[in-house]
Amino acid sequence: MSNCPTPSKVSLNFHLRKANAPDHLRHLVVDIARAAKYIVRELWHGKLGKAGTSNQFDEDQVEMDVLSNQILEQHLCENELVSCFASEEEGEIVELNPDGPYAVVFDPLDGSSLVDKNFAIGTIVGIYEGKEIIGKKPREQVAALYILYGPRTTLTYSLGNGKGVHEFVLNDVGEFVLDREFLGIGDEAKTYSPGNISAASENKPYRDLIMKWIDEKKTLRYSGCMVPDVHHILSKGNGIFCNIGGAKYPNGKLRLAFECGPFAFLVEEAGGVSSDGKQSILDIPLEAVDQRTQFIVGSKNEVERTVRGLGVSK
Ligand code: FBP
C-alpha cells in the first residue's frame, strides 16, 4: 500500500487497497458499486410496474428486475474481468470474457415485488475465482457483498479470510464511504426474522419455534426482503433469520447461489452461523443455478437451537 495518508472519509477503493485485495478483484467490486448507483437512480426515477415478462423461476418480473439486471450485466461486461455470471433474472449462466478471472452470481434486485410499496430492498452479489460456478461451494467465494436501498444506500462487503465485514454509505457526491468496520454477530439473539411463515401451518416444529421466540419475548423484525432482514442482524450484532421449507417450497424458498451463499459468507465472516438444517450453507455444492435451500442464519446459539428444534441434526 502506497504511503498516501488515510483520508477522513475512506472510500471503498481505498479500503480494498488497504485490505490488499488483488487489483482485479478491487476493480470488480468497485465496478459493482458503480452499477448500484445506477440502480439507485432508476429506483428514484424509473418505472416500478410489471415488465410483462417472467424470470427462470416463472416469476413475474417488474421493470426494475429487468433494468437492474441489465445495469449489472453492462458493468460486468465492460471491465472484462468476468468469465461468466449467473443472475436470478437469467435462465442460464451468461458467458462474458473467457479470460476473465472471476465468475459472479447475483440477485440484481432481491425483494423487487416490494419496490412499488417503497420497502427497503437490495442487490446481492457473490464472487468466485475462475470460470465455473456449478460445482463450486459458497465457501469458495473470494468476496460477497450486498447493497441495501433503504433510507440510506449502504454497501456491505467482505473478502473473507478473517478480513472482516465492512459497511459503506453512499454520500452526496456518489461515493461509498466507510461507515463501520468489522461488523460482528454475538452468540445470543434478541430478535427473530421468521421467513416463509406460512410453512408453520404444516410444519409443527417451525410453529413451535415461533411460539418459543414469542414466549421468550424476542423482538420480531421481518420485512419480507432478506437484504434488510439479514442486514438487521449484521447491523445490530445479533438475531436469527430463517426461511424454512413447507408445502409450497419443500427445500425453502431462497436460492443457494444468489441469495443464501453470499449472505452465509458474510454472516459467518462476522462470527455468526449459517445452516440448511444439516450443514453450513457454505458447504453445499452448487448443482444448479435455480437450486433452493432451507436457510437459517444469525447468532450461533440461536441457530443451533433452531436446527435442533426443527428436528434435523446439524
Ligand atoms: P424474490 O427474490 O422473488 O423477491 O424472493 C426473495 C424474497 O423476497 C426474500 O428477499 C425474502 O426473504 C423472501 O422472498 C420472502 O419470502 P416470504 O414472503 O415467503 O417470507
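The values are calculated or read from the model by the stated rules, or taken from the named source; none is laboratory data. Computed from a predicted structure; not experimentally measured. Note: ideal-geometry Cβ built from the backbone for every residue, glycine included; neighbour counts use all protein chains shown. Heavy atoms of the whole protein, side chains included, go into the accessibility calculation; ligands, DNA and RNA do not. Shrake-Rupley method; radii C 1.70, N 1.55, O 1.52, S 1.80 Å.
Worth a mention:
- Selected from LEU72, ALA103, ALA143, residue furthest toward positive end of dipole (the stretch 12-180; charges at beta carbon): ALA143
- Counting only alpha carbon atoms, the long axis of helix 300-309 and the longest principal axis of the chain meet at about 40°.
- Nearest-0.05 FRET efficiency for VAL94 and LEU220, computed from C-beta distance (R0 35 Å): 0.35
- For the stretch 191-308, the Rg and Dmax computed from alpha carbons only, in angstrom: 13.0, 39
- Solvent-accessible area per residue for the stretch 132-286 (1.4 angstrom probe, square angstrom): 39 Å²
- Percent carbon-and-sulfur accessible area, the stretch 12-180, ignoring ligands, DNA and RNA, probe 1.4 Å: 47 percent
- Stretch gain in nm, segment ASN3-GLU80, where the contour uses 0.36 nm per residue and the Cα spacing is subtracted: 24.8 nm
- Just the protein heavy atoms count here, and of the accessible area of the stretch 235-304 at 1.4 Å, carbon and sulfur take up 44 percent.
- Taking a ≥ b ≥ c as the square roots of the Cα gyration tensor eigenvalues, the stretch 104-252 comes out prolate, since a/c reaches at least 1.5 and a/b is larger than b/c.
- The GNM of the chain, with springs linking C-alpha atoms under 10 angstrom apart, assigns the highest mean-square fluctuation among ASP172, ASP60, ASP290 to ASP172.
- The value obtained for the chain, namely the Cα convex hull volume divided by the number of residues, is 126 Å³ per residue.
- Three principal axis extents of the stretch 12-180 based on alpha-carbon atoms, in descending order, are 42, 37, 26 Å.
- Counted residue by residue at 0.36 nm each, then reduced by the alpha carbon distance between them, the extension gain from ASP187 to GLN279 reaches 31.3 nm.
- Farthest towards the positive end of the charge dipole of the stretch 191-308, among the residues GLY271, ILE233, LEU282, is the Cα of ILE233, using unit charges on the Cβ of Lys, Arg, Asp and Glu.
- FRET E, pair ASP172, PHE57, Förster distance 45 Å, beta-carbon r, rounded to 0.05: 0.75
- Over the residues of the chain, the helix contribution to mean residue ellipticity at 222 nm works out to -9000 deg cm²/dmol, using -39500 (n - 2.57) for each DSSP H run of at least 4.
- Calculated from backbone phi, Karplus (6.51, -1.76, 1.60) coupling profile of the stretch 191-207 in Hz, x at Gly/Pro: 10, 9, 9, x, x, 6, 5, 5, 5, 5, 6, 10, 10, 4, x, 5, 4
- Normalised size of the stretch 195-261, defined as Cα radius of gyration per 2.2 N^0.38 Å with N residues, equals 1.14.
- Net charge of neighbours whose Cβ lies under 14 Å from the Cβ of LEU254, counting Lys and Arg as +1 and Asp and Glu as -1: -4
- Distance between modelled label sites at GLU132 and GLU304, nm, 7 Å Cα→Cβ extension: 3.4 nm
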